[in-house]
1. Give the distance, in whole Å, between the Cα centre of the stretch 53-101 and the Cα centre of the stretch 151-177.
2. Rounded to the nearest 0.05, what FRET efficiency do Ala103 and Ala297 give with R0 = 35 Å and r taken as the Cβ-Cβ distance? Could you check?
3. Using amide H atoms built in the peptide plane, which far-off residues or other-chain residues are under 5 Å from Val19 H to H?
4. May I ask for the net charge around Ala137, where only other residues with Cβ less than 14 Å from the Cβ of Ala137 are counted and Lys, Arg are +1 while Asp, Glu are -1?
5. Set the Förster radius R0 to 51 Å, insert the Cβ-Cβ distance between Arg57 and Ala289 as r into 1/(1 + (r/R0)^6), and round the FRET efficiency to 0.05.
6. Can you pull the one-decimal nm distance between simple spin-label points at Met1 and Arg164, each 7 Å off the Cα toward Cβ?
7. Could you go through the stretch 37-45 in sequence order and give the Karplus-derived ³J(HN,Hα) for each residue, using 6.51 cos²θ - 1.76 cosθ + 1.60 with θ = phi - 60°, rounded to whole Hz, and x for Gly and Pro?
8. Multiply the residue separation of Lys29 and Asp117 by 0.36 nm, subtract the distance between their alpha-carbon atoms, and state the gained length in nm to one decimal.
Amino acid sequence: MKFADDVFITRILKKNGKVIGALGIDFKKKGSVVFQSKCIILAGGGYSRVYSVSSSRDFENYGEGVALAYDAGAELADMEMVQFHPSGMVWPKKAIGILATEAIRGEGGMLFNVNNDRFLELYDPERMELGPRDEVARAIYNEIASGRGTKHGGVWLDVTHLPRERVLKRLPKMHQQFKELAGVDITKERMEVAPTAHYSMGGVKTDLLFFTKGEPTEQIWYYDLSDIKVTKKKPLTLDKFDEFFRLLPERADSERSWTETIEQIKAKNYDLKAVNPNRKEVKDERTPAEVLDIIEAKGKEVAEAIARLRELIGNQRAP
Ligand SMILES: Cc1cc2nc3c(=O)[nH]c(=O)nc-3n(C[C@H](O)[C@H](O)[C@H](O)COP(=O)(O)OP(=O)(O)OC[C@H]3O[C@@H](n4cnc5c(N)ncnc54)[C@H](O)[C@@H]3O)c2cc1C
């Protein structure tokens, strides 16, 4: 098996309803690359980075693999099933979402809301902080959403009651992480944490097979994209390439390689219809004035809801 590093796959290529390969961008060669194949094994990871707060690094898990399959006509399932890890950092900005490992709670870490209530007593008095991820995450979320969160929108995770040596021995990475990222010494100060999107349980429905009857080949075609800049920093903003991807399946069988600029392709006036026949084209035929009316009405609804909530919270606070 050959490995192609530094290649970002941007489209699964199909012909006559069958998958015939994939198209990608070779960041080293600064051009696109076509792989012809009998079948494709998709292993592009999850999509938890679609949430603004996620435990994934900021360059991964945007669901590119899932999107590739969807565009090729695959069905997706259970996309809403995303697991939230109970404890991600909430500040500073660069650290938002980074995990505070569950080992902290395993070691005896306790969770408190801003009123210093050990709130899990209300939610899961038997297991307390050692309950399953979803329940602890939901309890934390509920505390924050109910106005009992800390100033950075989290709750307190506390190991300051443990001997310093034990924290340093058992949680050295967390000690280092909080010190370096937030300037917090977790042996003396509490950590501020909140749930963070962690694990994608939905994805591509796997009863669909993408096989072609063609012979396997290892040919790789390079395409000279001389008028397109490939930015390494923002690999996801390659919209300009889209036109190429739609065209390639038609040509992949007949020609080994070719060179064309975007202008030349545009001049040929190809039919650039969406690859996925199930994708719904949404046409917004409302006038700007109508849209404004809707926004105004929604704004009013929200204001009323907030006022009502304030009233309710006020009532609860009253002795
Ligand atoms: C912070 C964190 C901690 C975790 N801790 C644990 C743990 O302790 N134990 C555990 O079991 N699991 C853990 N997980 C979950 C585990 O990491 C994932 O379940 C696992 O990595 C998923 O494997 P995968 O091969 O499906 O996807 P990934 O490991 O995400 O691999 C996908 C690969 O596809 C590549 N890719 C994506 N799109 C394209 C494209 N278009 N073209 C080319 N390449 C592409 C990506 O660069 C990546 O290399 C953790 C996850 C996170 C975020």
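1. If we compute the Cα centre of each part, the gap is 25 Å.
2. Details: r = 49 Å, r/R0 = 1.40.
Once the sixth-power term is evaluated, E becomes 0.10.
3. Under 5 Å from the amide H of Val19: Phe211.
4. Details: positive: Arg105, Arg127, Arg133, Arg138; negative: Glu102, Asp124, Glu129, Asp134, Glu135, Glu143.
Net of charged neighbours comes to -2.
5. Numbers: r = 44 Å, r/R0 = 0.86.
With R0 = 51 Å, the Cβ-Cβ based efficiency is 0.70.
6. Here the answer is 5.0 nm between the modelled labels.
7. Whole-Hz 3J(HN,Hα) from phi for the stretch 37-45: 8, 6, 8, 10, 9, 8, 9, x, x.
8. Extra length from Lys29 to Asp117 when fully extended: 25.9 nm.
Read-outs: derived from the displayed coordinates by stated rules, not from any lab. As the structure is a computational prediction, the values presented were derived from the model and not from experiment. Glycine gets a Cβ as well: all are built from the backbone with ideal geometry, and neighbour counts include every protein chain shown.
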